[in-house]
Every structure is written in C-alpha cells, then in structure tokens.
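What follows is a short report on a single structure.
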Amino acid sequence: MWCYRGGSISTEPRINDRIRVPEVRLVGPSGEQVGIVPLAKALELAQEYDLDLVEVAASARPPVCKLMDYGKFKYESAMKAREARKNQAHTVIKEMKLRPKIDPHDYDTKKGHVVRFLKQGDKVKITIMFRGREQSRPELGYRLLQRLAEDVQDLGFIESNPKQDGRNMIMVLGPHKKKTEAMAEAREAQAARKAERQGGAAAEAAPADAEAAQAESAEVEPTEVDADGSAEANTEA
C-alpha cells in the first residue's frame, strides 16, 4: 500500500548525472537541434562545451535536454521572476466609512483619501453607517454616495451601485486607471523627483566650487619679471 510521508516535491529539472534515460533529444547551446543522441554522448558534449546537460522537457519521448550554464540560467530566471512580481498588479479594495450627516470638513478629508486610492489604481468600498433614527432616512446616504461619485468621476466610476446592507449602505468605486499604469506613473514620478533633487544639489555645489577656486587664485600675487627674464611668483606668507 502506497503511503505519502510528506515533504516537498522538487520542481528543479534534472541535470547531468541525475538524468536517467538511455537517450535524449539534444538542443545545443545556441538553440540548434542536435537530434536524438545517447545520454553518454550528450554528457560528453556537455563536458566539451564546459556546460551542463539540463532536462527541459521530461515528459517528451525521448526527453528533451539542452546544453547550458545552469547556474547562470537559474540566476536569470530568478531575476525575471523578481521583476514580474515587482510589476504584478494586485487588486486591492480600500474602505472608507462615512456618516449620513458628515461635517463638510470631514467630507473633504474622506474625499481626499478616496481620490488618493483611485489615483493608485485601487478600488474603494464606501460605507455609509446609519445609527438610530438615521436608519429611517436611507435617502440621506444615497445622496451622499451619489455626491461623492460625482466629485471623483474624473478618477473613478461606480462599479457597484449603492445598496442597503443592514444598518449600512455600500457602494464600490472602480478606478479608470489600471493598477499597472498607476504603478508605472508612480515610479516615473519618483525618478523625476530624484533627478530634480540631484540636479538641485549639483547646482548648489557649483557656486561653492567657483567661490573656492576664486579665493584660491586670489592668494597668488601677480608674477614679477626680473631683468634677466626669470619670473618668480610671490605668495602670501
């Protein structure tokens, strides 16, 4: 009876002596098709090229193997995966809670947060919280949600219309801008700010260097020429 004892299953390809087949379909270092060759011949070619024999398609018959620098391949694959994760857009839903009779100042503050979330490419769940007698006036919450949607219509749209959920009324706003676009724009803005700071620092350093050079040259008096034609520079003690 087969029993699984746990442990992780390796996803790494078999390389060199770990390949256990009589023959392989070999691919050369530049991607050229060598053809079906005995495993011993493939390993011999790998030694000649000072490369690894890597099984790239184990399910093929015979398995496909390629001559490559496996260490370099793993490093480049890790870098590509890291870059892909960096640029990957995760769907994020932010939440903002309001009261039906919210103060104008508080409303502006909450709206500012919604604007920031939408600019970042995130969805925003707006929740109107009713208390006591406010529950008998759902139109107050509806009008507030409509007002907010109109105030941010340049950045987002109503993805889920206002609906009553117990004591709350909920609406979801979706951004016009995709998450990937927002991330790219944020990186560009950050790079621009960094370049501006560096440029400002260089501009501030330039006058200081010029003043230092002028002060240094001022310490040297004009050169006096003797009668025999020799020149001597007098410097301050």
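The values are calculated or read from the model by the stated rules, or taken from the named source; none is laboratory data. Owing to the predicted nature of the structure, the values given are computational and were not obtained by experimental measurement. Cβ atoms come from the backbone with ideal geometry, glycine included; neighbour counts cover every protein chain shown.
A few comments on the model shown:
- Residues of the range 130-153 that turn out to be touching a residue at least 12 places away in the same chain (Cβ under 8 Å), in contact with a helix residue (DSSP H, G or I) (Cβ under 9 Å, 6 or more places away or on another chain) and part of a helix (DSSP H, G or I), as a count: 6
- Scanning the range 38-63 for residues that are of a type in the set (D, E, K, R) and buried (at least 17 other Cβ atoms within 10 Å of the Cβ) yields Asp52, Glu55.
- Top-ranked residue of the range 154-167 - restricted to ones that are in contact with a helix residue (DSSP H, G or I) (Cβ under 8 Å, 6 or more places away or on another chain) and farther than 22 Å from Asp108 by Cα, ranked as surrounded by the most Cβ atoms within 10 Å (Cβ to Cβ): Gln164
- Against the conditions (1) among the acidic types (Asp, Glu); (2) farther than 30 Å from Glu83 by Cβ; (3) surrounded by 14 or more Cβ atoms within 10 Å (Cβ to Cβ), Glu185 satisfies every one except (2).
- Residue count, the range 58-82 (criterion: of a type outside the set (Val, Ile, Thr) and touching a residue at least 24 places away in the same chain (Cβ under 8 Å)): 9
- Looking at Lys66, Lys94, Lys125, Lys111, just one residue is assigned to a helix (DSSP H, G or I) and basic (Lys, Arg), and that residue is Lys111.
- Set side by side, the residues Gly132, Gly35, Gly28 differ, and just one is exposed (fewer than 12 other Cβ atoms within 10 Å of the Cβ) and not assigned by TED's automatic domain parsing to the domain that holds Ser160, which is Gly35.
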